[in-house]
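Report on the structure given below.
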Amino acid sequence: MKRNRVCALVAGSVMSIAQPVAAQMPKQPSYSGIYPHLAMYNNEGECGTGAVVPWAGKLWAITYGPHLPFGSSDKLYEISTDLKQTVRPESIGGTPANRMIHKESNQLFIGPYAINSQGEVRTIPYKAMPGRHTGNARHLTDPAGKILYGTMEEGFYEVDVKTLAPKMLYEDGNIDRDKETDKATYQIKGLLPGTHGKGFYSGQGVAVYSNNGEPGRKAEIQFDIESGSLSEWDGKNWKVVRRNQFVEVTGPGGIGGNQNPATDPIWATGWDHKSVLVGVRDHGKWSFYRLPKASHAYDGAHGWNTEWPRIRDVGTAQQPDYLMTMHGMFWKFPGQFNSQNSAGIRPRTAYLKVIGDFTRWNERLVFGCDDSAQREFLNKRKAKGGIEGPGQSNSNLWFTPLNLPDQLGPNSAEGSVWLNEPVRAGQTSEPFLFAGWERRAVWIRNEGERETGFVFEVDKKGNGEWSVLKTIKLGPNAALNADFSNAESGEWVRVRPDNATRATVHFTYTTADRRAGTPDAIFKGLSNANSVASHGGLLYGLGENRRVLGMAAMDFSGAKPDEVGYYELDRDMKLSRREDASMHSFIKTKFAIPKQVVTVEVSSVLVVDDKGRRWRLPLGNEAFAGLTNEASLRICREVATERDLFNCHGTFYELPAENADGYAKIRPVSSHNLRIHDYASYRGLLVMTGVDPKSMRNSEHIIVSGDKKAAVWAGAIDDLWKLGKPTGHGGPWKDTQVQAGEHSDPYLIGFYDQKSLKLSHNAEEAVTFTLEADPVGNGPWMAYKTFTVKPGQTVSFTFPQNFSARWVRFTTDKACRATTWLDYE
């Protein structure tokens, strides 16, 4: 959620109850739990799902546009158990993500709407309560009669639950802007530090509010500056608790509010550039803990890349089950987490969807997503060429089995307690999660001028009782990578140095990648990379409320395509030929695959990013080299809001926006041997072209046109995990002339399972190679191991299972022609 230059609409005073009309429809198609007919569109630069809540026998959902505090084209949706979607006529849009069930009045408050137990909707006009509604909280003194609203620009209201009359407590930052224009990106009243409000909750006599951004151009470029805040209000005064980027604020009571508000804990989630943060307020104070990050695509000091991470009970009344979404990982969250009982946070699996809210409904999980934004905001890069976003923003719901959070990507994650920063002698770090992974290690760098011992302590049971685990001594300006054995256990770990120094302490956690080496059957019918014939096509989601996916279809016989014609994929997933020369030409021109955005070399794929930084990625099937050079494969495209899907030489990667450090934090998802021509987001689906003409009718995921001349594959972006684990081969040098002490380019090693290395050279004397690792992505580099290679010798090395870093690079002590070859299996 971000800025928008679309004119804001002033909502009318809608207080009456309107009667919706739901059209009857036959059973609708679905792909990987996504029903195309449930797609939600607006006319704004983004269409995210702000909230999904079961209520009054239906599922209710709201969408939001980017910066629309006075209303928009977004809607309130009512979905019946047979998945009939009704657009409620009371809809006034805006940028809402708030939801609360108010038990005393038996109403659901969602966005600017109040819905009673019969499903009757009342609306609070934006004229009466302007702002981007981000959260609700129970009232501090009259919880039965009033409800609190918080907005993204620090507007706060109390609302009478019977009359819906709002009373302004603090003026929203948008109040003084021109109602017909988007005057500025940031509207700030100066009440609290930071900007871009997210969470709002109450208990223990306070209301707690979070924001996750910082105003100004610097925050749009630099991801690691001070940003965001967590604050609390006692009904009279505000107090800043902590200056970091925070998002969710909730408690065991979830969207109904805590049942024992005086004593139940309040939880908050957030992050900084080092790691994820979890805060808990209990016994009159806040305590904070750190978790590793699975993905860095959510980083960015402006706060726009996160949407609304949540903690929500998706269990039953008899057996609560709290699910947390944070930085690309599903987490199991203990329902009574507090400072004296902090055990039980566990990683589940990694995901790619951008999720705004989720719930349990009819024995399935339902995720409300932010799929396809017409404006890509700050997410521009040359690898995409001049490609545009879709013609119209849209998103969808994702219906999954209850166990889906345990079924997706590996839970590999990493994070720091200190990152290239000064620490005092005896200074204790914040606790860092220590349980939940098979393989654990730590990178330590001492940049001080004398030896320093780093003392590791563990809280074995999460009860606040700490004991020394071990001490690691490290000389001046030295680094090392240390493993933790299974016997070295505990819920939390913390570190303290015995001397003042400048230090990095970075934890890396992995679990064996048990995915098969072959793609799942759902990908049957897609063309093999070595195939000569393939049905391709360039894709574009049309605008102007046409709500179809346009395709400039083409047939490949080798690399060069023959034009087939223009086709459209509709909401019923019917692919039909259309006569629209103008749109056909537009797609071929505006969505042509750019050439030479990466360089395929004999050693690896070289990427030079928009900042001029050089990165090298592994090679796959050699057939990808020619297809890439001929621009027959889409390399990079945004298919989930504000991050890119990068498909390079047989591997799909999650690629953060440049403002979240881009290629430095790239994450391989899966490797494949498929000739994917193009891919795009449409109605919440990932749609791909590159279909085998001989087997295109043998898969439920492939849609074939009526004339049998065009076809597409449709599924969820998280299906990509099922292609198989990432593999590859290559290195920064292959028979490359190098100078003594010259660093190679960084070469990706993170998130690969089994890793091995071969070193050789052409010198007539022994050469010493030094392998350095960057476990973070943006430094610091740490020496890992040296290898002395005799003339004519090839030295082989298998990395230990616990080794985990994001990048590696090499130096030699002599000039020579060197090869550093890595195999990932």
Every residue from region 104-145 that is over 15 Å from ARG88 (Cα atoms), assigned to a loop (DSSP other than H, G, I, E, B) and either modelled with pLDDT under 95 or of a type in the set (S, T, N, Q) (or both): SER105, ASN106, SER117, THR141
Hey, GLY462 modelled with pLDDT of 95 or more, part of a loop (DSSP other than H, G, I, E, B) and under 30 Å from the mean Cα position of the chain (by Cα) or not: yes
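Pick out the one residue from LYS218, LYS239 that is in a strand (DSSP E or B), open to solvent by 40 Å² or more (accessible area, probe 1.4 Å) and of a type in the set (D, E, K, R).
On the way: LYS218 fails: in a strand (DSSP E or B).
Exactly one residue qualifies, and that residue is LYS239.
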Enumeration of residues in region 105-133 that are closer than 15 Å to PHE156 by Cα, open to solvent by less than 10 Å² (accessible area, probe 1.4 Å) and either touching a strand residue (DSSP E or B) at 6+ places or on another chain (Cβ under 9 Å) or polar (S, T, N, Q) (or both): GLY111, PRO112, ILE124, MET129, GLY131, ARG132, HIS133
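In region 42-81, how many residues are closer than 21 Å to THR306 by Cα and open to solvent by 10 Å² or more (accessible area, probe 1.4 Å)? Don't jump to the end; show me each part of the working.
First, the residues of region 42-81 that are closer than 21 Å to THR306 by Cα: 42, 44-53, 61-69, 74.
With open to solvent by 10 Å² or more (accessible area, probe 1.4 Å) added as a condition, the list becomes 44.
Number satisfying all stated conditions: 1.
Residues that are under 15 Å from PRO519 (Cα atoms), at least 1 per element: which strands (runs of 3 or more DSSP E) completely within region 671-772 meet that? Lay out the reasoning, then the answer.
Values: elements: 678-682, 685-689, 702-704, 711-715, 728-738, 755-761.
Once the strands (runs of 3 or more DSSP E) in region 671-772 are filtered for at least 1 residues that are under 15 Å from PRO519 (Cα atoms), what remains is 711-715.
Give the number of residues within region 773-791 that are part of a loop (DSSP other than H, G, I, E, B) and either open to solvent by 70 Å² or more (accessible area, probe 1.4 Å) or among the aromatic types (Phe, Trp, Tyr) (or both).
Within region 773-791, the first condition is being part of a loop (DSSP other than H, G, I, E, B), and the residues that meet it are 775-781, 790-791.
Now drop any that are not either open to solvent by 70 Å² or more (accessible area, probe 1.4 Å) or among the aromatic types (Phe, Trp, Tyr) (or both), which leaves 781, 790.
The total comes to 2.
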Which numbered condition LEU378 fails, given (1) within 23 Å of TRP721 (Cβ to Cβ); (2) open to solvent by 10 Å² or more (accessible area, probe 1.4 Å): (1)
Qualifying residues in region 503-525 (those that are over 26 Å from the mean Cα position of the chain (by Cα) and crowded, with 18+ Cβ neighbours inside 10 Å) - the one farthest from PHE624 (Cα to Cα): ALA503
Failed item, numbered, when ASN528 is tested on (1) out of contact with any Asp or Glu (no Cβ under 8 Å at 6 or more places or on another chain); (2) open to solvent by 20 Å² or more (accessible area, probe 1.4 Å); (3) at negative phi: (1)
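Check region 792-800 and report whether any residue there is under 33 Å from the mean Cα position of the chain (by Cα), at pLDDT 95 or above, among the aromatic types (Phe, Trp, Tyr) and open to solvent by 10 Å² or more (accessible area, probe 1.4 Å).
So the first thing to find is which residues in region 792-800 are under 33 Å from the mean Cα position of the chain (by Cα), and the list is 798-800.
So of that shortlist, the ones also at pLDDT 95 or above come out as 798-800.
Then drop every residue that is not among the aromatic types (Phe, Trp, Tyr), which leaves 799.
Filter once more, so that each one left must be open to solvent by 10 Å² or more (accessible area, probe 1.4 Å): 799.
The answer is yes, given that some residue of region 792-800 is under 33 Å from the mean Cα position of the chain (by Cα), at pLDDT 95 or above, among the aromatic types (Phe, Trp, Tyr) and open to solvent by 10 Å² or more (accessible area, probe 1.4 Å).
When the residues of region 242-263 are narrowed to those that are more than 30 Å from the chain's Cα centre (by Cα) and not β-branched (Val, Ile, Thr), which ends up surrounded by the most Cβ atoms within 10 Å (Cβ to Cβ)? It would help to see each step written out before you state the result.
Residues of region 242-263 that are more than 30 Å from the chain's Cα centre (by Cα), as a first pass: 259-263.
Now narrow it down to the ones that are not β-branched (Val, Ile, Thr): 259-262.
Values: GLN259: 12, ASN260: 12, PRO261: 18, ALA262: 8.
Top of the filtered list is PRO261.
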Single unsatisfied condition, PRO334 versus (1) in contact (Cβ under 8 Å) with a residue 60 or more places away in the chain; (2) surrounded by fewer than 20 Cβ atoms within 10 Å (Cβ to Cβ); (3) not polar (S, T, N, Q): (1)
Residue among LEU277, LEU192 that alone is over 30 Å from GLY71 (Cβ atoms), open to solvent by less than 20 Å² (accessible area, probe 1.4 Å) and not β-branched (Val, Ile, Thr): LEU277
Every pair of residues 6+ apart whose Cβ atoms lie under 6 Å, when the first sits in region 110-128 and is more than 13 Å from TRP60 (Cα to Cα) while the second is in a strand (DSSP E or B) and open to solvent by 10 Å² or more (accessible area, probe 1.4 Å): ALA128/PRO166
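The values are calculated or read from the model by the stated rules, or taken from the named source; none is laboratory data. As the structure is a computational prediction, the values presented were derived from the model and not from experiment. Ideal geometry is used to build each Cβ from the backbone, glycine not excepted, and the neighbour counts take in all protein chains shown. Remember, those area values only see protein heavy atoms, side chains included, never the ligands or the DNA or RNA. Shrake-Rupley method; radii C 1.70, N 1.55, O 1.52, S 1.80 Å.
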